[in-house]
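For reference, the structure is listed below as structure tokens.
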Amino acid sequence: ACQMEKGLEPGVVLIPVHSLSGSRDVPLGVYPALYLDYVPRPCAQCQKPPCVPACPAGALYQRDNGLVLVDASLCTGCEDCLPACPYRAIVMDGNGLARKCDLCASRLDQGLEPACVICCPTRALATARGAEPDGVWAPAPQLGTDPALRYSTRHPERQLRVTCFLTA
């Protein structure tokens with residue numbers, strides 16, 4: 001979805017998907033109840049983003065609605081933002097510019113869902129506004145970044161659902 005929506009070159013991945021087993025081909029569980037669990041890792045859209053002050057050029061910024069964006073016209077390619085992101089959500093594109101998931105901010109501005117939410121065949125991705133439901137958790141709360149990203153487990157399918165709660 002990111003490739004099409006953003007026109008990214010091959011190899012630039014804005015939402016990596018990790019396997020809980022450490023390998024895409026190794027199932028978890030005990031036979032005959034084997035399963036594969038994958039975790040999408042988009043930008044956490046931190047409400048206290050450490051990447052923003054780390055960028056000396058001011059290319060990373062936070063909008064009033066909480067989204068953390070990259071202004072490519074200001075990016076110098078210094079890569080200071082890469083180690084600042086505790087979620088490793090910032091990557092460099094083929095032009096040496098910082099890129100990251102912005103939840104398709106231009107689509108959200110038009111009242112549309114992000115491309116990944118529309119394209120996800122398992123409906124594991126979502127955006128939401130308002131109060132968080134019970135049973136969701138933030139990734140790595142000990143980091144103090146207050147991410148808008150939340151995870152929840154949907155049973156009985158054993159599927160992880162990733163939801164980003166927007167503030168505005």
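When you look at A44, is it assigned to a loop (DSSP other than H, G, I, E, B) and touching a Lys or Arg at 6+ places or on another chain (Cβ under 7 Å), yes or no? Here the answer is no, as A44 does not meet what is asked.
The selection criterion, being modelled with pLDDT under 80 and either touching a Ser or Thr at 6+ places or on another chain (Cβ under 8 Å) or of a type in the set (D, E, K, R) (or both), does not hold for R150. Does at least one position in region 60-68 carry a residue that is open to solvent by 40 Å² or more (accessible area, probe 1.4 Å), modelled with pLDDT of 95 or more and either under 12 Å from the mean Cα position of the chain (by Cα) or over 16 Å from P16 (Cα atoms) (or both)? Within region 60-68, one or more residues are open to solvent by 40 Å² or more (accessible area, probe 1.4 Å), modelled with pLDDT of 95 or more and either under 12 Å from the mean Cα position of the chain (by Cα) or over 16 Å from P16 (Cα atoms) (or both).
Which ones in region 47-58 are assigned to a loop (DSSP other than H, G, I, E, B) and over 15 Å from A89 (Cβ atoms)? If you could, list the steps in order and put the result at the bottom.
Start the filter on region 47-58 by keeping residues that are assigned to a loop (DSSP other than H, G, I, E, B), which leaves 47-50, 55-58.
Those that are assigned to a loop (DSSP other than H, G, I, E, B) and over 15 Å from A89 (Cβ atoms): P56, A57, G58.
Checking each residue in region 66-85 for being in contact with a Gly (Cβ under 9 Å, 6 or more places away or on another chain) and among the aliphatic types (A, V, I, L, M) picks out only L74. Filtering L82, L74, L28, L36 for residues that are modelled with pLDDT under 95 and either within 18 Å of the chain's Cα centre (by Cα) or open to solvent by 70 Å² or more (accessible area, probe 1.4 Å) (or both) leaves a single hit, L36.
The values are calculated or read from the model by the stated rules, or taken from the named source; none is laboratory data. Source: prediction; values computed, not measured. Don't worry about glycine lacking a Cβ; one is built from the backbone with ideal geometry, like all the others, and counts go over all protein chains shown. Just so you know, the surface numbers come from the protein's heavy atoms only, side chains and all, with ligands and any DNA or RNA stripped out. Shrake-Rupley method; radii C 1.70, N 1.55, O 1.52, S 1.80 Å.
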